1. Taking R0 as 22 Å, what FRET efficiency do you get between Ser104 and Leu78 from their Cβ-Cβ distance, rounded to the nearest 0.05?
2. Residue by residue through the range 55-72, which ³J(HN,Hα) values in whole Hz follow from phi under the Karplus form 6.51 cos²θ - 1.76 cosθ + 1.60 (θ = phi - 60°), with glycine and proline marked x?
3. To the nearest 10 degrees, how steep is helix 117-127 against the longest Cα principal axis of the chain, on a 0 to 90 scale?
4. Which value, in Å², gives the accessible area per residue of the chain when a 1.4 Å probe is used on the protein heavy atoms?
5. Average projected area of the Cα convex hull of the chain, in nm²?
6. Set the Förster radius R0 to 30 Å, insert the Cβ-Cβ distance between Arg97 and Cys15 as r into 1/(1 + (r/R0)^6), and round the FRET efficiency to 0.05.
7. Would you mind telling me the share, in percent, of accessible area of the chain contributed by carbon and sulfur at probe 1.4 angstrom?
8. Could the peptides 168-175, 71-78, 129-136 be put in order, highest first, of the mean number of other beta-carbon atoms found within 10 Å of their residues?
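The values are calculated or read from the model by the stated rules, or taken from the named source; none is laboratory data. Everything quoted here is computed from the prediction, not taken from an experiment. Methodologically, a virtual Cβ is constructed for each residue, glycine included, from the backbone with ideal geometry; neighbour enumeration extends over all protein chains shown. Surface accessibility is based on the protein's heavy atoms, side chains included, excluding ligands, DNA and RNA. Shrake-Rupley method; radii C 1.70, N 1.55, O 1.52, S 1.80 Å.
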Amino acid sequence: AAYERLKLIGGLVHCWDDPHRNPELDEFLKGLYNGKPRLVRGGDAGKFNSQKPHSALMVASNFAAGETNAATMSRLILLWVDSNDACAGKNEWLQLRRTMDRASGALPMVIKLGLDLDAIGECEDSLAPYLPHAHSRMARNLAIILHYGNAVLDIAGVRSQFDLLSYIRDKVCTM
């Protein structure tokens, strides 16, 4: 079902909340990252339906997806969110809520930015030294998040309040 959904929903991010922990999940995530299609036999003998994923998958879980397979783990961006984080106080949540409200219509504006490969390449160059043990494509993936994340921060008018590069470098890359 996941392959069919990821084939059909285009570029929308699909969120899989709390999947079962097993080696099959890790193999699925590795295959998905590598763009591996799933072939399903159709109604006519010899014909196949190719379920090639075209969108990203975000897994929200209480365990580290990919942990049973080093190849899978090297391809994932793992973000630890601690519910006891000292900076997650009431004022910060209110500020985040207001920022989300201001940026809620940002997607069409971000799409209008197009694909600036030079800017993304500069972001990639700034992140690569902080990812010495990650898969070679990880810096590029994070660079895309950094580039467009900064665009959303600009649209919301809060870029001067939040240094996304430092956050990715100090929190995400260290994970």
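1. Given R0 = 22 Å and the Cβ-Cβ separation, E is 0.25.
2. Listing the rounded values in order: 9, 7, 10, 10, 9, 9, 8, 8, 10, 7, 4, x, 5, 8, 9, 4, 5, 5 Hz.
3. Around 80 degrees separate the two axes.
4. On the way: 11830 Å² over 175 residues.
Accessible surface, normalised per residue, equals 68 Å².
5. Details: hull surface 50.3 nm².
Result: a mean projected hull area of 12.6 nm².
6. Working: r = 20 Å, r/R0 = 0.66.
That gives a FRET efficiency of 0.90.
7. Numbers: 6670 of 11830 Å².
Carbon plus sulfur share of accessible area: 56 percent.
8. On the way: 168-175: 14.9, 71-78: 17.1, 129-136: 12.5.
With the highest mean Cβ count within 10 Å placed first, the list reads 71-78, 168-175, 129-136.
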